[in-house]
Amino acid sequence: MTYKLTIDQKPTYLHVIVAGENSKENVRNYLAEVLRECEKRSISRVLIEERLNGARLELLEVFRIVAETGGMVRGKLDAIAYVDVFAEG
């Protein structure tokens, strides 16, 4: 695992900062870990602040990961907000 999660529990949501290397494996793993944390804390809203280094994933790979993860999230989370801090304008 080459990423680190920092979790700040707010009154109505989790603010998660993920830092490390940008890879398909890390994205899949950190999303699963975020879901576990939301379930453990009975929180259904999450803000993910992504600070991953390295080449951005191809659009098709992102869609595949979202499709795979969608089944795990369905019915468990009400809202997910995502910010890629290193995204180019």
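The values are calculated or read from the model by the stated rules, or taken from the named source; none is laboratory data. No experiment lies behind these values; they were computed from the predicted model shown. As a convention, Cβ positions derive from the backbone with ideal geometry for all residues, glycine included, and neighbour counts pool all protein chains shown. These accessible areas exclude ligands, DNA and RNA; they are computed on the full protein's heavy atoms, side chains included. Shrake-Rupley method; radii C 1.70, N 1.55, O 1.52, S 1.80 Å.
Only residues that are modelled with pLDDT of 85 or more and either open to solvent by less than 50 Å² (accessible area, probe 1.4 Å) or of a type in the set (Asp, Glu) (or both) were counted in segment 66-83, giving 4. Residue count for segment 1-48, restricted to those that are within 19 Å of residue 76 (Cα to Cα), in contact (Cβ under 8 Å) with a residue 24 or more places away in the chain and open to solvent by 70 Å² or more (accessible area, probe 1.4 Å): 7.
Looking at the structure I just gave you, is residue 56 surrounded by fewer than 16 Cβ atoms within 10 Å (Cβ to Cβ), within 17 Å of residue 83 (Cα to Cα), at pLDDT 95 or above and in contact with a Phe, Trp or Tyr (Cβ under 9 Å, 6 or more places away or on another chain)? Taking the combined requirement at face value, the residue does not satisfy it.
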